[in-house]
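Notes follow the structure.
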Amino acid sequence: MVGTCVVSIHLRIIRDNLPVMNNMQTQAPFAAAVYRSDTGDRMALLKFVERQKSNGVRIGGVLQQALFNPAGEITGLDAIDVYTGQRIPISRPQQNPDECGLDVAALAETTGVIRQAIDDRLDLVVVEKFGELEQDGKGLIDEIFQTIAAGIPLLIAVPEAALPIWLERTGELGAILSFDEDSFQHWRLGLNPDA
């Protein structure tokens with residue numbers, strides 16, 4: 001019951017705050033960049049962000065970067081504040097392999113990154129990713145929907161397996177993009193032909 005209530009509230013926020021699109025704006029103001037485990041270029045979102053920044057777009061949000069040991073094994077995960085470049089260590093190995101290495105305090109810090117992007121009325125917010133916490137109505141989900149409600153374009157990486165949950169949470173509103181830089185750029189240009 002609680003989950004249904006949260007979804008209903010998020011849908012009302014989205015519907016009440018979506019801008020009316022005119023003929024100059026042909027794309028939804030938020031989009032899911034859908035990827036699969038075999039998606040070739042997982043750096044496409046980072047490349048898109050860098051391209052936008054080099055074009056003078058005021059872009060914020062959170063990207064993720066895996067950390068590897070010399071053997072090529074993942075040893076941690078950092079969230080990266082897109083606007084400032086600050087790294088936030090959100091996951092590190094634990095002494096007990098059965099323990100989760102997620103640093104909840106660091107994850108909470110990432111919510112502040114998105115709230116700051118909203119407060120600063122940036123041109124675009126990107127979030128990588130719509131993970132298990134967000135799928136369960138936790139993590140960054142409130143900030144994701146606050147971004148949409150504020151009318152700031154949002155591009156979020158969504159794993160293909162979680163797409164039905166994303167669609168349910170958004171009332172099937174918003175664009176669905178393939179996970180490549182050209183798709184992201186086309187969507188962005190549809191929002192603002194001068195971008």
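The values are calculated or read from the model by the stated rules, or taken from the named source; none is laboratory data. Given the structure is predicted, the values throughout are model-derived calculations rather than measurements. FYI the Cβ positions are ideal-geometry reconstructions off the backbone, even for glycines, and counts take in every protein chain you see.
What strands (runs of 3 or more DSSP E) lie completely within the stretch 1-94 and have 3 or more residues being at pLDDT below 90 and not charged (D, E, K, R)?
On the way: elements: 30-35, 59-68, 74-81, 87-91.
Per the criteria, 59-68, 74-81.
Condition first: closer than 12 Å to A33 by Cα, of a type in the set (G, A, S) and in contact with a Lys or Arg (Cβ under 9 Å, 6 or more places away or on another chain). Now tell me which residues in the stretch 151-195 satisfy that.
Correct list: A157, A162.
Given the residues G112, G174, G131, which is the only one that is loosely packed, with under 14 Cβ neighbours inside 10 Å, of a type outside the set (A, V, I, L, M, F, W, C) and under 15 Å from the mean Cα position of the chain (by Cα)? Lay out the reasoning, then the answer.
On the way: G174 fails: loosely packed, with under 14 Cβ neighbours inside 10 Å; G131 fails: loosely packed, with under 14 Cβ neighbours inside 10 Å.
None of the other options fit; the residue is G112.
Please go through the stretch 31-51 and pick out each residue that is in contact (Cβ under 8 Å) with a residue 40 or more places away in the chain and more than 17 Å from E160 (Cα to Cα).
K47, F48, V49, R51
For L140, state whether it is at pLDDT 95 or above and within 26 Å of L67 (Cα to Cα).
No.
So that you can scan it fast, the table gives a plain yes or no per residue for (1) free of Cβ contacts under 8 Å to residues at least 24 places away in the same chain; (2) touching a Leu at 6+ places or on another chain (Cβ under 7 Å); (3) surrounded by fewer than 17 Cβ atoms within 10 Å (Cβ to Cβ):
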site: A117; (1), (2), (3): no, no, no
site: V126; (1), (2), (3): no, yes, no
site: D142; (1), (2), (3): no, no, no
site: E160; (1), (2), (3): no, no, yes
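Quick check, is D103 acidic (D, E), at pLDDT 95 or above and surrounded by 13 or more Cβ atoms within 10 Å (Cβ to Cβ)?
Details: acidic (D, E): yes; at pLDDT 95 or above: no; surrounded by 13 or more Cβ atoms within 10 Å (Cβ to Cβ): yes.
So D103 fails the test.
Looking only at the stretch 54-76, filter to residues that are in contact (Cβ under 8 Å) with a residue 24 or more places away in the chain and more than 23 Å from F145 (Cα to Cα); which one of those is surrounded by the most Cβ atoms within 10 Å (Cβ to Cβ)?
G76
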